[in-house]
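Below is one structure, written out as structure tokens; comments come after it.
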Amino acid sequence: MSTDVMIYANDLTKNFGSFRAVDKINFEVRRGEVVGFLGPNGAGKSTTMRILTCFISPTGGTAKINGFDVFDDPLAVRESLGYLPQRAPLYLEMSVYEYLKFAADLRQLDDATFRKRARSVVEVCGLAQVLGKEIRHLSHGYRQRVGLGQALIHDPPILILDEPTSDLDPNEKAEFLDYIKQIGQERTVLLSTHNLSEVEIACARAIIVSKGRVVADGPLDEIRAKSGRVRYVVSVQESAGSTPYRGQGQPPKQAEVEAALGKINGVKKITELPTDERAHTYELSTDEGVDLRAELFQLIVQKGWVLLELHRDAQTLEDVFRHLTIGDARRNRTLDAGADEDEDEDEDEETEEETEESDDDSDAKDKD
Amino acid sequence: MATTEELRDDVHEADEAAEHEEEESDESNGKSKKELPATAQPKVFERKPGAGLRNILTITRREFKAYFDSIVAYVVVCLTLLIVGVWFFFFGFWQVDRASVSRLFDGVGSLPILLSFLVLPLLTMRALAEEKRSGTIELLITMPVKDSEVILGKFFAALGLTAVLLLCTLIYPIAMFMWPWHMGPLDWGPVTTSYLGLLLMGGAGIAVGMMFSSFTENQIVAFFITAAVLALLWFIGSIVEFVHGPVGDAISFVSFQTRFVPFSRGLIDTRAVIYFLSITIICLLAAFRSLESRKWS
């Protein structure tokens, strides 16, 4: 284990009664890395973070922070990290300044250091306007900023942030992620979220957990490439309504278009997407490394059709995430869990999407 | 003229003393280090000397201020002064017809009963229950503090407020016997021991309250259980007269009342002192264990 490894988890396991919240999680985070810790609700993200911050003890396995074991040296561990728990639970009756001072006192900062650090923290977290206000009068966004402020007050080498952006507005989020990226250059940041676009902005690497296990760990590109599929969307005009059809001859029939597209070399799968009667839209999937756009264009020109839309996208992180953690959502929806959990996981992702939102809510309750 | 040389010597001596102290603290750290297994990690963590005490003080200060930031402190102090005042003047002082404040420490509206029923449960109910409910405990515990420091910090804050409250009640004897009125010579001995007894009993009661507060996330539950237990511990002392034999002995052993009565008569009973201190320590340990148990649940 090199000294550069700031967060080290080895076979970390945590049981709550008969429920296994974290199941043999292994990962390492090095200095200068910003790592997104992803997973659906109830996947064990917060539990892992609580173990890493010595709030709870693991049932099995070891974890080291900054070279200190969470079991043997909890105080050393806590001293080397700044932690922002979910929903930033702060003392509501204290003012922002008092809270920062309190955190600094517990971290044994002397007055001069505190003043210096406080100035930069206030600037970074945008707390200047609310410094004298009681925390109870602040909005959730501001509370989260204060929470972040206390985590940064002692300039820790390691930051563990549990859903730090959940209550921020889009501007604040962007600012915050920029800042994380910036401080991540010489520090170690582990941040959990289920907002994937944030991970794409701030992190170079992601760890995806599902059902208490790590299902993916690596640079974002690698994770994205995991399923290795590329998608094309082609839309061809079918009818121009009252205006004259601008293509050659008659507008094409649906079957005609589908057959022609299906014949192109490299097309693995073709599905029609729902559209109105004026156009046909198809989704083609191919292997990675083949670019069909030129051929598609040629085909359509040759036939004399009117092309309304053509675009290609690699599978998004979101798709991968859904693909990897789909069992979780399914398990939560069926009462007799585990019975048919592993069946046809890859199919019907459409329905998953629709129910994802409502699912998240019930998950959160389950976890509490 | 005190030469600069002399000054320099002084500084030098002070430095030496400081060094000496550091050595000493190093030694005490060294002892605990030796207990670690020989397979110690390459990094060895050492806390800044005095960090523990400073943490306790920081937490105590915060908690003490929190009492005044919420209305708890004002409610407790005002209510107590009011009830004790009414009791002392209308049902006690004039009836006893003596230059005595013994009514402050005896009877329905007296200080020990108010402490048990109202003050201590109110001061301790939030201590850990509310922190657990609102989740603030997570931020507190993940700071570099020990669980024991959290418990002690909160304990001293409550004890401090109890002391403030007791100081406030001193206005009654002072007003009656020193200024503005002089109702006669007051024997301050029993008053002093009574206050000492109240403080000791208060400490034990706070520990009991913190223990129950650490068992639940609901501060109302913590309040009622603490009040019930403290009231029970007080009032079983009243039936001692009617119960004889080993049962009676046992009751008079555990009752706060029988332990407190000697103090109100001007007697510092070492057995009572030790009893109250033991209760304090045992209950604080229980609270500590309960706080620690979050790790394993």
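Numbers below:
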read-out	value
With every protein chain in place, the range A:112-151: carbon and sulfur % of accessible area (1.4 Å)	50 percent
Rounded accessible area per residue of the range B:226-295, 1.4 Å, Å²	53 Å²
Solvent-accessible area lost in complex, 20 Å² minimum, residues of the range B:263-297 relative to chain alone, 1.4 Å	B:Arg294, B:Lys295, B:Trp296, B:Ser297
The range A:8-161: Cα Rg divided by the 2.2 N^0.38 Å rule of thumb	1.11
Sparse-neighbourhood loop sites, chymotrypsin sites (Phe, Trp or Tyr not before Pro) in the range B:200-297 - DSSP loop, at most 14 other Cβ within 10 angstrom	B:Trp296
Charge dipole of the range A:156-292 about the Cα centre (unit charges at C-beta), most positive-ward option of A:Thr193, A:Gly249, A:Ile180	A:Gly249
Normalised alpha carbon radius of gyration of the range B:247-297 [divisor 2.2 N^0.38 Å]	1.54
Extension gain from A:Asn265 to A:Ser197, taking 0.36 nm per residue of separation minus the Cα-Cα distance	21.1 nm
Whole-number percent relative contact order across the range B:235-281, with pairs defined as alpha carbons under 8 Å at least 6 apart	29 percent
Only Lys, Arg (+1) and Asp, Glu (-1) charged, at Cβ; the range A:150-235 dipole about Cα centre in debye	660 debye
Burial of 50 Å² or greater, the range A:69-102 residues [accessible area, probe 1.4 Å, versus chain by itself]	A:Leu75, A:Arg78, A:Glu79, A:Pro89, A:Tyr91, A:Glu93, A:Phe102
Per-selection Rg to Rh, the range A:188-291 - Cα, Kirkwood hydrodynamic radius	1.18
Under Karplus coefficients 6.51, -1.76 and 1.60, residue-wise ³J(HN,Hα) of the range B:212-229 in Hz, glycine/proline x	5, 5, 7, 7, 10, 9, 10, 5, 5, 4, 4, 4, 5, 5, 4, 4, 5, 5
Sulfur and carbon atoms: percent of accessible area, the range B:162-237 [1.4 Å]	81 percent
Cα centroid separation, the range A:46-82 to the range A:100-168 (Å)	22 Å
Dipole in debye (nearest 20) - the range B:114-173, about Cα centre, beta carbon charges: Lys, Arg +1; Asp, Glu -1	100 debye
Cα shape, the range B:155-282, gyration tensor, a/c 1.5 rule	oblate
Difference of contour (0.36 nm per residue) and Cα-Cα distance, A:Tyr97 to A:Arg231	43.1 nm
Chain pair A, B: total accessible area buried, heavy atoms, 1.4 Å probe, Å²	3500 Å²
Gain upon complete extension [B:Phe91, B:Ala163; 0.36 nm per residue less C-alpha separation]	23.4 nm
Cβ-Cβ FRET estimate between A:Val290 and A:Arg20, R0 fixed at 25 Å, reported to 0.05	0.05
Derived scalar couplings ³J(HN,Hα) [the range A:56-64; Karplus, 6.51 cos²θ - 1.76 cosθ + 1.60; whole Hz; x for Gly, Pro]	10, 9, x, 6, x, x, 10, 9, 10
Dipole magnitude of the range A:6-46, debye to nearest 20 (Cβ charges: Lys/Arg +1, Asp/Glu -1, about Cα centre)	60 debye
Net +/- balance of residues flanking A:Ala128 in space, Cβ distance below 13 Å, scoring K and R +1, D and E -1	+2
Globularity index of the range A:1-96, i.e. its alpha-carbon radius of gyration over 2.2 N^0.38 Å	1.13
The range A:37-50 - phi-based ³J(HN,Hα) in whole Hz, Karplus 6.51/-1.76/1.60, Gly and Pro as x	10, 10, x, x, 4, x, 7, x, 5, 5, 4, 4, 5, 5
20 Å tail of the calculated P(r), the range A:115-189, as % of Cα pairs	25 percent
Positive-end extreme of charge dipole, the range B:42-133 - chosen from B:Thr124, B:Tyr74, B:Leu57 (charges on Cβ)	B:Leu57
Global geometry of the range A:40-118, whether rounded, prolate or oblate, following the gyration tensor of its Cα atoms and the 1.5 cut on a/c	oblate
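The values are calculated or read from the model by the stated rules, or taken from the named source; none is laboratory data. Quick caveat: nothing in here was measured; it's all calculated off a predicted structure. Note that we place each Cβ from the backbone using ideal geometry, even for glycine, and neighbour counts take in every protein chain shown. Just the protein is used for accessible areas: all its heavy atoms, side chains included, with ligands, DNA and RNA removed. Shrake-Rupley method; radii C 1.70, N 1.55, O 1.52, S 1.80 Å.
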